[in-house]
Amino acid sequence: MLLLSMLLLSIHSLIAKEMTSSKIPRRRGRIDMAPPAGAVEVATGSKIDGLALKDAGIQKDLYLFVNGKEYKLKPMQDFQPDQTLLTWLRSVGLTGTKLGCGEGGCGACTVSSSHYDPASQKVVHRAVNACITPVCAMEGCHVVTVEGIGNSKIGLHPVQKRLSDKHGSQCGFCTPGFVMSMYSLLRNNPTPNEHEVEHCIDGNLCRCTGYRPILEAFKTFCPGESEEKSAKSNGCCNGTSPAPYNPSSEMEFPPQLLPSKYSSRDLQFQGSRCTWYRPTSMSSLLALKAQHPAAKIVVGNSELEIERKFRSSNWEVLVCTTHVPEMNELRNLSNGVHIGSAVTLSRIYDHLNQLLASKEEHSTYNFKAMLQQLRWFAGTPIRNVAAIGGNICNASPISDLNPVLMACGAVLTLIKVDGSTREISAKEFFKERMYRQTHLGPDELLLSVFVPETKPMEFSQGYKVSRRRDDDIAIVTAGLRVRLEQKPEGFVVVDCGLAYGGMAASSVNAKKTEEFLKGKTMSHELIRQALEVLPDDLPLADNAPGGMIEFRKTLSASFLFKFGIFVLQQIAPAAVDPAEQSAGIPYSRPVSSGLQHYTETGHKIIMDPAGQAMTGPFDVEGGVGKAVKHLAGDLHVTGEAVYVDDMPNPPGGLYGGLVLSQKSRARLVSVDPSPALALAGVHGYFDHKDVEGNNVFGAVIWDEEVFATKEVFTTGQVIGIVVADSAILARQAASMVKVEYEVLDAILSIEEAVAAESFIGDEGKIESGNVDEAMAKAEKQISGEVRIGGQEHFYLETQASLVVPGENNEFIVHTSSQNPTKTANYVAHVLGIPKAKVVCKVKRMGGGFGGKETRNVFISMACAVAAKKLNRSVRIMLDRDHDMCISGQRHPFLSKYKVGFNKDGLITAVDVKLYSNGGMSLDLSRPVLERAMFHIENAYSIPNVRVTGRVCRTNLPSNTAFRGFGGPQGMMACEAYMEHVARELGVHADEIRAKNLYPTRGGVTPYRQELVDCHLREMWAELQSSCDYTRRRAEVDEFNKKNKWKKRGISMMPVKFGMSFTAKFMNQASALVHVYTDGTVLVSHGGTEMGQGLHTKMCQIAASELGVSLDKVFVTETATDKCANTHPTAASVGADLNGFAVQDACKQIAARLERFRQAKPGATLAEIAMAAWLDRVDLTAHGFYKTPDIGYNFQTGEGRAFHYFAYGVACSEVEVDVLTGDFSTLRADILHDVGDSLNPAVDVGQVEGAFVQGMGLFTLEELVWMNNGQLFTRGPSTYKIPSANDIPIDMRVKLFENCPNRRTIYSSKGVGEPPLNLAISVFNAIREAVGAARRDAGKEGHFRMDTPASCERIRLAMGDFILGKYAASDVLAKGSW
């Protein structure tokens, strides 16, 4: 299997690595060892808040301030030197800062760090990742967490309030990180512009919202149009402008940390694992280097923390250079810029941007090239702490900056422990084609970097392609420079530097090409000639690490071509063909914008399940139909919302670490936990021998083991659990359990499974009409196949469980689960106790998306076994890498199709075979496959359809439910053959789509369900008009005619999504409602809150039914002792099912209260409830609902598959860079049918979030499995979900109006899953753009494109002359299916 990025190069490179080597002297000198000028001294006996310090000696205690409070910490007693700020913060109860990934890639842990900067003589505020920042590094800093700026009791900070009011949170887990990123920006710049706002959150990920409401909230701080525009938006701050932001009201920087009272001193923190030093002078640093030659140099710690966590690396000595003045200098020289090796990337970025305004343009091209790379280098919190020296000395072959430094002629100054210095050019510094090796001596450090100005007629550019533009490691990078001299024959190349990353084991210069260019006249022909030489400089073997051989070779040439065009544009613009101008224009992204259109409603006519009119609800404040914000929104933005890992540990509580299989398939020869048990603080190891109940379980059939007994069937399968005093110790101990395997043959892909006939269950089939006859009579036929990749859920809160034993074999399970009843039942099952003795409670989840429906139960079961044995609580929150490796993903699919159609584009017959990769067990793979089969015709009326499906058993972790539950795979398979039909006929695919849409009345699906009130044609016409499709399509065609190297595509996409669980028995729900005598209401129901606003909607229903304002209604949690025998919150019907149950309970109570209401007209609910209570009337009711007329039988093909259908239409327009495969979504228009919305603000948020998540599925996110069955993409460094810079630049959402759904609660429709499928329109638009490029290259007709449409797949489909040098015409990017 192919790796998407350099296997050994997956982490951002920021830490120096000293390597023994020969020395290449350039210029020698000696640095002055005297104390730096201007150093602030503290007099003897001066105090920091009463703590006396001597001005001599080394400080051995850690002083820091958090939220205005001072802490004095002693090593080993209060902290460990290698401890992160995040773990320390959470240990002192500041749990608003979340653990999302542990590698600085998601931003959930973002806090603000403030310090006094002597250079600028002001306080500087930085957003930093607490999960990788050492607590030691915060000495002398003021750390502000989300708790420190506001809360629901004393009031919200303006950032918090605006984000909450503008619906900027859903699950809320990522929200504190976004708050603190924006807070840090405002502290430095109270009036940012929109670009700065978007830039400041480039290190924060959100899986729920689609980013639009977050950006909208934060842009209200931008002066001018943004604030006025946002005040007019629907559902925003109730149509009013937010209160002005007053920077003077912010928390004061602790005066104890100002230079008048505080002076940085040398630090030494001795821990049990390592010693941390922070010298404050060059002499101290060099002495430490001499004493500890193997010491690790630390600035940002981003690399070291990753190596410590994922590679179990440990270092005895860490030396932090952040306070060595000479290494922090950043100054302009007459011919360039001097940059100290400890200067952070953010400081460099800001400095160079300011420099551009003061310099003549011809002198700034090297600086521009650096800025081009720095803009997309990591995220803001990483750039705020990472230093240029770490990036250089780490010598990563895929460094963003090193090729630019090599090309532009940068000079590095190295310093030896004796103080002598020497200079070496950047291009000589790296040992060529040797992995991460440099010419830095073992007794040397990198002191500084000099970047020269460019001379007249000298040009530089930086290039990078990665899977995601923001915060992603490069696939290929380049720094390209050329200096010209005007002569009679033209502009002659007198010097050049062409440096590449990602093309060898080190960054390399294309030396032959450089020599070829020198002395030749710059021209278009010269560029093409250089492309012929370049392959000799950059050879890649077919088995080179990182794979993507054809793509990487093509990129290297594409960069050179782009640079050549750019240079020609500078010297002779008229010489460049207008159609080729786009090749030389550097990428820039305008600020994004959004528009939402919906109508709030109040009093409604309600239909019961039989379609009969009922008395409408009360029109109350915040009731049904109102666009109220998420009821937990204020708790989200303040960090007060409690998730499983935030819950205090019960007395004596322990932590579990799972022992996981490292083999895809193997017999267990032996398991030896003795090394783990020997560690102090480890309380036991437990496995299948300790199970008192049943060790076998499964979501549908019992085909899995809680703990593996004799054989493991996938990597990540649980073998046992180690229990210890801390989570870190438990994980360490688990890694020490020795497991001996006998490796067996494994099956890792769909193709291998099909060849081996490795299937789970029988073949599924849906058939309508006479497919064979219709196919034979069809005027035209096509056949083909398409692969649909999997997708990681990437909920920000990983799987978590806390099991608390009680008396008499009673257990309480706090878990992050969509399925509390199954969790409780399976815990009872493994413990061998009655189900009634286990109560499962779910407060909220930090996202779910289907991934917490079944694949979290084995974690609770493992904890329960240990908890029962020890009679102490046991908890686990999986690390991100473990979560991704063991909990399953969206199923990859292979679709093989045959289609019959006529010359007009009407499709008459479809025959499809579907294969899904189920993994090692069934889990929910069969219903996922059936859902895909149900959607194989998407929204099109096709009279003859046959679809069969098989679940493939492989030795990968069992795949599971994911938002859409097979629907996206079925619809993608459908859209693949729709596109194929269109290209066969030579027409735009949207014409084929429109022609085959289901009619408004009389349509019948392949599974014989008649469509009632099908709005597809009406919605298609409305969106086509509102988005100005005809004009825009003509403009796209015109753009493509005029541009060869940038292409646009536009595509419309309909969706018909069936709403129900396809298993009949699951379509039921219950609720428990209490009315209290003060008029407040407590609602319990079987649904769980994962960010979709379900609790909010249930409270709105109760408020409307009981005639009380929304602020009087509450949901505390979902618990199986309140509502038992519930079903998972899934299939987008949580509000449908639980809403009717809540309504039923409320109506029972309302009926009991009616006579009291009539007796006292106008009385409040409190008065009525008190009167009823005094009259001994029950104020509690249990509600129940079951979906009527539901149930499809696959064996007979009879029955109603879905309760109703949700419809949607989208139009997306993209622009694709032909030379790199990079693309931008210029605009997306979405029209979605939610019936009469229960809460239009929540529903719009669901539409936007689902659409962006779908964009990830179809265009960006790619799972990569290695040949040994290990998952390579196991964290945000290697697996990329959309960021705020990936969303449509212009995103417009409208809720379709006047379409009540008479079969559901208040005529509403479910909304969570259907809009995700509309993102296929982005994929289709990309196909249209690629098709335009292929036509330019003389390639007409159908071409296959699998999902996701990564930059690699896009680029390899182009068919241009550069690609032709490196790849066959039918080359396809490989993938993991």
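The values are calculated or read from the model by the stated rules, or taken from the named source; none is laboratory data. Remember, it's a predicted structure, so these values are computed and weren't measured experimentally. Heads up, the Cβs are rebuilt from the backbone with ideal geometry, glycines too, and the neighbour counts pull from every protein chain shown. Side chains are part of the model used for accessible areas, which takes the heavy atoms of the whole protein and leaves out ligands, DNA and RNA. Shrake-Rupley method; radii C 1.70, N 1.55, O 1.52, S 1.80 Å.
Observations on the model:
- Candidates E1215, E1261, filtered to the one that is touching a Phe, Trp or Tyr at 6+ places or on another chain (Cβ under 8 Å) and surrounded by fewer than 24 Cβ atoms within 10 Å (Cβ to Cβ): E1215
- Residue check, S1109 within 14 Å of V620 (Cα to Cα), touching a residue at least 60 places away in the same chain (Cβ under 8 Å) and open to solvent by less than 10 Å² (accessible area, probe 1.4 Å): no
- Subset tally (residues that are over 22 Å from A1210 (Cα atoms) and open to solvent by less than 40 Å² (accessible area, probe 1.4 Å)) for the range 1338-1365: 13
- Top-ranked residue in the range 299-324 [being small (G, A, S) and assigned to a loop (DSSP other than H, G, I, E, B); ranked as farthest from I392 (Cα to Cα)]: S312
- Residue in the range 900-921 that is part of a loop (DSSP other than H, G, I, E, B), open to solvent by 10 Å² or more (accessible area, probe 1.4 Å) and within 30 Å of V803 (Cα to Cα) present: yes
- Scanning the range 530-558 for residues that are over 17 Å from A505 (Cβ atoms) and open to solvent by less than 10 Å² (accessible area, probe 1.4 Å), we see that the one that is farthest from the chain's Cα centre (by Cα) is A530.
- Any pair with Cβ under 6 angstrom, 6 or more apart, that starts in the range 1026-1041 at a residue that is within 22 Å of A1337 (Cβ to Cβ) and ends at one that is open to solvent by 20 Å² or more (accessible area, probe 1.4 Å) and not in a helix (DSSP H, G or I): V1036/R1048; F1039/R1048
- Against the test of being of a type in the set (A, V, I, L, M), in contact with a Gly (Cβ under 7 Å, 6 or more places away or on another chain) and modelled with pLDDT of 95 or more, the options L1226, L1165, L1260, L1174 yield a single qualifying residue, L1165.
- I475 being open to solvent by less than 30 Å² (accessible area, probe 1.4 Å), within 38 Å of the chain's Cα centre (by Cα) and modelled with pLDDT of 95 or more: yes
- Of the candidates G1275, G1221, the single residue that is farther than 25 Å from F1039 by Cβ, among the small types (G, A, S) and buried (at least 24 other Cβ atoms within 10 Å of the Cβ) is G1275.
- The residues listed here are S1283, S1277; of these, the one that is under 32 Å from the mean Cα position of the chain (by Cα), under 25 Å from G1254 (Cα atoms), in a loop (DSSP other than H, G, I, E, B) and modelled with pLDDT under 95 is S1277.
- One residue stands out among those in the range 1001-1020 that are at negative phi and at pLDDT below 95: the one that is most open to solvent (accessible area, probe 1.4 Å), which is R1001.
- Residue match in the range 139-148 (condition: part of a helix (DSSP H, G or I), farther than 26 Å from F794 by Cβ and open to solvent by less than 10 Å² (accessible area, probe 1.4 Å)): no
- Selection count where residues are closer than 30 Å to E1198 by Cβ and surrounded by fewer than 20 Cβ atoms within 10 Å (Cβ to Cβ), scope the range 775-817: 4
- When each of L356, L304 is tested for being surrounded by fewer than 16 Cβ atoms within 10 Å (Cβ to Cβ) and in contact with a Lys or Arg (Cβ under 8 Å, 6 or more places away or on another chain), the lone residue that passes is L356.
- Any helices (runs of 4 or more DSSP H) falling wholly within the range 795-891 and containing at least 1 residues that are of a type in the set (A, V, I, L, M, F, W, C) and free of Cβ contacts under 8 Å to residues at least 60 places away in the same chain: 820-831
- Some residue of the range 512-531 being under 16 Å from L405 (Cα atoms), of a type in the set (A, V, I, L, M, F, W, C) and touching a helix residue (DSSP H, G or I) at 6+ places or on another chain (Cβ under 6 Å): no
- Residue that is farthest from Q581 (Cα to Cα) [pool: residues in the range 1036-1085 that are in a strand (DSSP E or B) and open to solvent by 40 Å² or more (accessible area, probe 1.4 Å)]: H1074
- Options K122, K166; residue that is among the charged types (D, E, K, R) and open to solvent by less than 10 Å² (accessible area, probe 1.4 Å): K166
- Among the residues making up the range 935-966, those that are more than 29 Å from the chain's Cα centre (by Cα) and of a type outside the set (D, E, K, R) are A939, Y940, S941, I942, P943, N944, V945, V947, T948, G949.
- Which listed residue is modelled with pLDDT under 95 and of a type in the set (S, T, N, Q), from N1298, N1317, N1324: N1298
- The residues in the range 255-266 that are of a type outside the set (D, E), outside any helix (DSSP H, G or I) and either open to solvent by 30 Å² or more (accessible area, probe 1.4 Å) or at pLDDT 95 or above (or both) can be counted, and the count is 6.
- Residue in the range 556-563 that is touching a residue at least 40 places away in the same chain (Cβ under 8 Å), under 23 Å from V337 (Cβ atoms) and not in a strand (DSSP E or B) present: yes
- Hey, E453 over 27 Å from R433 (Cβ atoms) and open to solvent by 40 Å² or more (accessible area, probe 1.4 Å) or not: no
- The combined condition, being closer than 30 Å to G148 by Cα and touching a residue at least 60 places away in the same chain (Cβ under 8 Å), is not fulfilled by S281.
- Within the range 1008-1035, being in a helix (DSSP H, G or I) and of a type in the set (A, V, I, L, M) holds for L1016, M1019, A1021, L1023, A1034.
- Any hit, the range 383-406, residues being among the basic types (K, R) and more than 38 Å from the chain's Cα centre (by Cα): no
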